[in-house]
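Each remark here refers to the structure printed beneath this line.
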Amino acid sequence: MSSLLTVSQLNRYVGFKLKQDIKLRGIAVTGEISNLAAHYRSGHIYFTLKDETSALRVVMFSSNVEGLRFMPKEGMKVVALGNIECYERDGVYQLVCTTMTPTGEGNEAERLRQLKEKLAAMGVFDEKNKKKLPQKPAKIGVVTSVGGAALRDIISVIKRRYPIAHIMVSPTLVQGEDAPKLISEAISRADNKDCDVIILARGGGSNEDLAAFNTEQVVMAVHNCKTPIVSAVGHETDTSLSDYAADYRAPTPSAAAEISVPQMENVVGVLAGYDYRMRTACLSRVNMHKYKLESFSSTLERNSPKLRVSAEMTKLDSMRRSMSAAVAQKLRSCCNELTSEYARLDALNPLNVLSRGFSVVTDKNGRVVDKYRLSVGDDVNIKTKDMEITAKVSSVTVNNNEK
């Protein structure tokens, strides 16, 4: 007879055997979710995976639930990965799920992997192709859904941080069959509007919601954009291919806005520093040129033609005074000589003899008469001291005093 076991001992033994079976560790089970229940305190979720004929109880603890990139829903087909264990209290075996993806996501992951490798080989993700963001952008382009929270968050952050920036919205659908084409066209519109930087954004969602940003059409539109692009697609943990192609990747739309624009106070501080350095440099140059001007003025003054003219004028005045003095001296000397000569001439002037009672007789031609020029009947002029007399010669008597 076999040994007697309690229910707990049996359940514990079955649980031990299940844990020892490596084929039941890390298994992937596919099925449809039913009886989904979430424990609001612990955060664990409980549900049943079923197919056409069977069902399997599943538990997923909160630490693993937090890593899910989608919200499990009733009736959703999924692939659950985990370990088969025995729940001793109820004596049932269950799948302790560690990760879970919607059915078909494995194929989608492979498609994304292949597309990522293709684009990487084309150089789409190369760091050397990344453009730098402008330090003080004047115009911000935003490519996103007009009615989404992402746009409101971006506008709020930009207006708070850098209110002087102009925001240009290029609206587009961000999910759905037409989204890749519309997103690419919106990027192209913003690129042609002279924006300094473009923010490509959408809020969080499931992989299906973010699918448009994992298409080659959108990735190439981001890569070919001439304007720097900041990509903020999904939540912080979400990463799309457009994030890899963008020049910068932000975890959220708000973070993208913070990356794209500076803090206004910092800009004002930088401008104040520039203003101070500019004023200091200008003042320094003004003082330097002022010193040079004073030096040039002093040199010019020392070599001024005006000073040379003044010196020459002084010399000219001196020469003029010397010349005037010499001329005056010469005139005085000449005057003295003239006076002396005049006195001598005056002393020899025959007219001075008239004052002693003598007279001078001249002919009609004014020549002093002599015995050779005077004949009886000639008219003569007789000049005395006080008068002149006209007379006619009646006789001529020659003195015999000559030897």
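The numbers here are math on the coordinates, done by the rules we state, and not lab data. Please read these numbers as outputs of a predicted model, since none were measured by experiment. So basically every Cβ, Gly included, is an ideal-geometry build from the backbone, and we count neighbours across all protein chains shown.
Quick notes on this structure:
- Normalised alpha carbon radius of gyration of the range 97-242 [divisor 2.2 N^0.38 Å]: 1.08
- Residue by residue, the range 219-224 carries 3J(HN,Hα) couplings of 4, 5, 5, 5, 5, 7 Hz when phi is fed to the Karplus relation 6.51 cos²θ - 1.76 cosθ + 1.60 (θ = phi - 60°); x denotes Gly or Pro.
- Computed from Cα atoms, the angle from the helix 149-161 axis to the main principal axis of the chain rounds to 30 degrees.
- Nonlocal amide H pairs with Ile167, under 5 Å, H built at 1.01 Å: Ile140
- Amide H contacts of Thr172 (H built 1.01 Å from N, under 5 Å, at least 5 apart or other chain): Thr144, Ser145, Val146
- Sorted fewest first by neighbouring Cβ atoms within 10 angstrom, Met100, Met264 come out as Met264, Met100.
- Under Karplus coefficients 6.51, -1.76 and 1.60, residue-wise ³J(HN,Hα) of the range 83-95 in Hz, glycine/proline x: 10, 7, 9, 9, 8, 4, 4, 9, x, 10, 8, 8, 9
- Annotation: lysines with alpha-carbon distance below 19 angstrom to Lys77 (same-chain offsets under eight excluded): Lys50.
- For Tyr93, the residues whose modelled amide H falls within less than 5 Å of its own, excluding neighbours fewer than 5 places apart on the same chain, are Tyr87.
- Among Cys334, Cys97, Cys282, residue whose mean-square fluctuation peaks in a GNM of the chain (springs only between Cα atoms under 10 Å): Cys334
- Size of electric dipole in the chain: Cβ of Lys, Arg +1 and of Asp, Glu -1, about Cα centre, debye, nearest 20: 2360 debye
- In terms of Cα atoms, the Rg and Dmax of the chain work out to 65.0, 227 Å.
- Using just its DSSP H runs of length 4 or more, each adding -39500 (n - 2.57), the chain gives a mean residue ellipticity at 222 nm of -14000 deg cm²/dmol after division by all residues.
- Local electrostatic count at His166 - Lys and Arg +1, Asp and Glu -1, tallied over other residues with Cβ under 13 Å: +2
- Each of His223, His44, His166 was scored by other Cβ atoms within 10 Å of its Cβ. Listed from fewest to most, they are His166, His44, His223.
- Scattering from the range 7-104 was approximated by placing one identical point on each alpha carbon and applying the Debye formula without solvent; log10 I(q)/I(0) at 0.14, 0.20 1/Å stands at -0.52, -1.01.
- Leading residue at positive end of dipole, the range 58-211 (Cβ point charges), from Val96, Ser63, Ile187: Ile187
- GluC sites (Glu not before Pro) within the range 69-99: DSSP coil, no more than 16 neighbouring Cβ in 10 Å: Glu74, Glu88
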